[in-house]
Amino acid sequence: MDSNNLLAAWPVLGPGVAGAVFGAGWWFWVDAVVCSAAAVPFLHYLPGFFASFAALMFNCVNREDIGDGYYSPYDDSEWRVKLWLFISYVVSFVSLAGAVGFLVQDALTDTGPSAWTGSAGILQCVFVLVSGLIYWTCHSED
């Protein structure tokens, strides 16, 4: 399969790939929570929720809206789009940092969830954010 065929098939196959990666990320988290010997506090769930919210945030922006040739009848709307993307990426990296913090906390204490729960939180955030980027590259308003 040459690159032209792959580029033509990407808008068709991309959402399915993004959904599979998103599902795999949440599957890691659900597996860790179900198999955990200790109760997992609600705070450990928040990085995954915020990663999902960040993926939704940056998928609200069209790729065509951030280019140099973008025109809007409203004067300064391009900076708003870029600010929205910046905020969504900040939320995504904060969720990833929170997952890393919970991994460190779980690895250093014996009373809470196991280190697998923290590792699954990181995998969940990474997979959810990658799935959001995959979907962002393959969808368009056409």
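The values are calculated or read from the model by the stated rules, or taken from the named source; none is laboratory data. The model shown is predicted, which means the values in this text are computed figures rather than measured ones. Neighbour counts run over all protein chains shown; Cβ positions are idealised from the backbone, glycine included. Accessible surface areas use protein heavy atoms only, side chains included; no ligands, DNA or RNA. Shrake-Rupley method; radii C 1.70, N 1.55, O 1.52, S 1.80 Å.
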Being farther than 12 Å from residue 61 by Cα, surrounded by 14 or more Cβ atoms within 10 Å (Cβ to Cβ) and of a type in the set (Asp, Glu) is the filter here, so list the residues in the range 75-115 that pass it. 106
Determine if the range 61-68 includes at least one residue that is modelled with pLDDT of 90 or more and in contact with a Leu (Cβ under 7 Å, 6 or more places away or on another chain). no
Out of all the residues in the range 1-44, which are in a helix (DSSP H, G or I), open to solvent by less than 60 Å² (accessible area, probe 1.4 Å) and under 13 Å from residue 120 (Cβ atoms)? 24, 25, 26, 28, 29, 31, 32, 33, 44
